[in-house]
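Chemist: Quick one: structure below, then a few questions.
The values are calculated or read from the model by the stated rules, or taken from the named source; none is laboratory data. A quick note: this is a predicted structure, and the numbers were derived from the prediction, not measured. Neighbour counts run over all protein chains shown; Cβ positions are idealised from the backbone, glycine included.
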Amino acid sequence: MRLDCAIIGGGPAGLNAALVLGRARRSIVLFDDNKPRNAVTRESHGFITRDGVKPVEFRAIAHQELSKYPSIEIAAKRVTAIAKKGASLFEIETETGDTYTARTVIIATGLKEQLPAITEIADYYGQSLFSCPYCDGWEQRDQPLVAIVDTADHAFHMGMMVYQWSKDLAICLNGGEALDAEREAKLRSKGIQVYGQRIQSLKGSGGKLSGVVFEDGAEIARTGGFVTTKWEHSGSFAEQLGCALNEHGGIAADDFGRTSVDSVYAAGDASVIVPAQLIAAAAGGSRAAMGVNAELMHADF
Ligand SMILES: Cc1cc2nc3c(=O)[nH]c(=O)nc-3n(C[C@H](O)[C@H](O)[C@H](O)COP(=O)(O)OP(=O)(O)OC[C@H]3O[C@@H](n4cnc5c(N)ncnc54)[C@H](O)[C@@H]3O)c2cc1C
């Protein structure tokens, strides 16, 4: 069967794209291997009507809503390759060896994050150390926080940003690029502490941070905070299909998710790396779905 659209990735971007296309009576398969970026968290915040929702609960509600629409199939499979076959036909291959053909593709595969090389930091990530103050600042308000950063620019930015949620803040440069005197003085004038030395380890238990230990033996008590991470794509589909990238390394796409390759669309973190939010990803999925529907509508008239 020739699908109207193959959606790769079943996070909020792919799910909302599926909803809009299903309601538009388009035949689609939503491929998802269920490894979302926020799997490490207990709760997601900032999505109106869903503030504090558990990531698994969000998905369960979405799947239940999609089940109403007969032209949507959800395939719990990893896509391994996408190849363009002719002007507007794609062949999608999955890990189980199945192949599907589709007239359009939406890439909604999200991001993979790389945490700094600090012993056991992964135990705290998503529990008491997070990446985004908009997502997890409120729950940590007025607590003694740390921001572990990788560049001087991030140090200053995170200092200004996290200060909005807690004035008891320590910035850890972890042996990286030093802050210039002017910006360090600005942070210190607000009572923000700045530590340049490398971190040896984190202290705490059950994911709850209690302190940061530096290589020089110094130690500070902190109950949570933020860490800057490095990002990479979850799949190599952008390269496989020849899609151009944007300045943040995401797949470049216009307001309707159209990439530089005809009939290939992108949505969510795969495209919009900054700001990365559930609601922004869902909105991107909705817009890409409308882009897909508009293309098919014009092609068929
Ligand atoms: C620790 C943490 C906390 C966060 N907290 C919040 C919060 O409180 N509020 C908020 O708004 N945002 C939060 N975010 C950000 C939010 O999780 C992302 O912005 C959002 O999940 C992006 O949605 P997406 O659909 O683009 O990608 P994802 O949610 O990452 O979904 C992508 C999906 O595609 C699947 N996939 C990837 N490759 C393939 C493939 N080849 N084949 C099949 N399936 C594939 C993955 O398994 C995954 O299920 C948080 C992120 C992190 C890391």
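Chemist: So residue 81 passes all but one of these: (1) in a helix (DSSP H, G or I); (2) out of contact with any Phe, Trp or Tyr (no Cβ under 6 Å at 6 or more places or on another chain); (3) of a type in the set (Gly, Ala, Ser). Which condition number does it fail?
Modeler: If we test residue 81 against (1) in a helix (DSSP H, G or I); (2) out of contact with any Phe, Trp or Tyr (no Cβ under 6 Å at 6 or more places or on another chain); (3) of a type in the set (Gly, Ala, Ser), just (1) comes out false.
Chemist: Listed residues 87, 102, 117; which is part of a strand (DSSP E or B) and either of a type in the set (Gly, Ala, Ser) or in the same structural domain as residue 252 (by TED's automatic domain parsing) (or both)?
Modeler: Going through 87, 102, 117 in turn, just one is part of a strand (DSSP E or B) and either of a type in the set (Gly, Ala, Ser) or in the same structural domain as residue 252 (by TED's automatic domain parsing) (or both): 102.
Chemist: Please verify whether residue 80 is touching an Asp or Glu at 6+ places or on another chain (Cβ under 9 Å) and either assigned by TED's automatic domain parsing to the domain that holds residue 252 or in contact (Cβ under 8 Å) with a residue 60 or more places away in the chain (or both), treating the condition exactly as stated.
Modeler: yes
Chemist: Also, quick follow-up: Can you name every residue in region 28-50 that is more than 6 Å from the ligand (Cβ to nearest atom), not hydrophobic (A, V, I, L, M, F, W, C) and not in a loop (DSSP other than H, G, I, E, B)?
Modeler: Correct list: empty.
Chemist: Turning to a different aspect of this structure: If the requirement is being touching a Gly at 6+ places or on another chain (Cβ under 6 Å) and of a type in the set (A, V, I, L, M), which of these qualifies: 202, 179, 187?
Modeler: Testing whether each residue is touching a Gly at 6+ places or on another chain (Cβ under 6 Å) and of a type in the set (A, V, I, L, M) leaves just 187.
Chemist: Can you pull out the residues in region 212-247 that are touching a Leu at 6+ places or on another chain (Cβ under 8 Å), of a type in the set (D, E, K, R) and at pLDDT below 90?
Modeler: 232
Chemist: Sort out which residues of region 123-147 are in contact with a Gly (Cβ under 7 Å, 6 or more places away or on another chain) and buried (at least 22 other Cβ atoms within 10 Å of the Cβ), and write them in order of number.
Modeler: 124, 128, 129, 145, 146, 147
Chemist: Then there's this: Mind listing whichever residues of region 248-301 are modelled with pLDDT under 95 and either hydroxyl-bearing (Ser, Thr, Tyr) or closer than 20 Å to residue 3 by Cα (or both)?
Modeler: If the condition is that a residue be modelled with pLDDT under 95 and either hydroxyl-bearing (Ser, Thr, Tyr) or closer than 20 Å to residue 3 by Cα (or both), then 271 is the only one that fits.
Chemist: When you go through 253, 299 one by one, which is the residue that is over 30 Å from residue 178 (Cα atoms) and out of contact with any strand residue (DSSP E or B) (no Cβ under 7 Å at 6 or more places or on another chain)?
Modeler: After applying the criteria, what remains is 299.
Chemist: A further question follows. For region 254-301, what are the residues that are of a type in the set (Gly, Ala, Ser) and more than 22 Å from residue 58 (Cβ to Cβ)?
Modeler: Of everything in region 254-301, those that are of a type in the set (Gly, Ala, Ser) and more than 22 Å from residue 58 (Cβ to Cβ) turn out to be 260, 263, 291, 294, 299.
Chemist: Tell me, please, whether a residue that is β-branched (Val, Ile, Thr), part of a loop (DSSP other than H, G, I, E, B) and over 20 Å from residue 233 (Cα atoms) can be found in region 92-99.
Modeler: Step one: filter region 92-99 for residues β-branched (Val, Ile, Thr), giving 92, 94, 96, 99.
Next, from what is left, pick out any that are part of a loop (DSSP other than H, G, I, E, B): 96.
With the extra rule that they be over 20 Å from residue 233 (Cα atoms), the set shrinks to 96.
Yes.
Chemist: For residue 37, indicate whether it is in the same structural domain as residue 265 (by TED's automatic domain parsing), surrounded by fewer than 18 Cβ atoms within 10 Å (Cβ to Cβ), under 20 Å from the mean Cα position of the chain (by Cα) and at pLDDT below 95.
Modeler: No: the conditions fail for residue 37.
Chemist: So residue 200 ticks every box in (1) on the phi < 0 side of the Ramachandran plot; (2) without any contact (Cβ under 8 Å) to a residue 40 or more places away in the chain; (3) of a type outside the set (Lys, Arg) but one. Which box is left unticked?
Modeler: The single condition residue 200 does not satisfy is (2).
Chemist: While we're on this one: Can you say whether residue 14 is assigned by TED's automatic domain parsing to the domain that holds residue 105 and crowded, with 24+ Cβ neighbours inside 10 Å, as far as the supplied structure shows?
Modeler: In short, yes.
Chemist: Please go through region 100-114 and pick out each residue that is within 14 Å of the ligand (Cβ to nearest atom) and either of a type outside the set (A, V, I, L, M) or modelled with pLDDT under 95 (or both).
Modeler: 100, 109, 110, 111, 112, 113, 114
Here's the yes/no breakdown for (1) small (Gly, Ala, Ser); (2) surrounded by fewer than 20 Cβ atoms within 10 Å (Cβ to Cβ); (3) without any contact (Cβ under 8 Å) to a residue 12 or more places away in the chain:
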position	(1), (2), (3)
248	no, yes, no
256	no, yes, no
259	no, no, no
264	no, no, no
276	yes, no, no
292	no, no, no
301	no, yes, yes
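Chemist: I'd like to verify a number: residues in region 1-27 that are of a type in the set (Gly, Ala, Ser), under 10 Å from residue 106 (Cα atoms) and not in a helix (DSSP H, G or I), how many?
Modeler: So the answer is 2.
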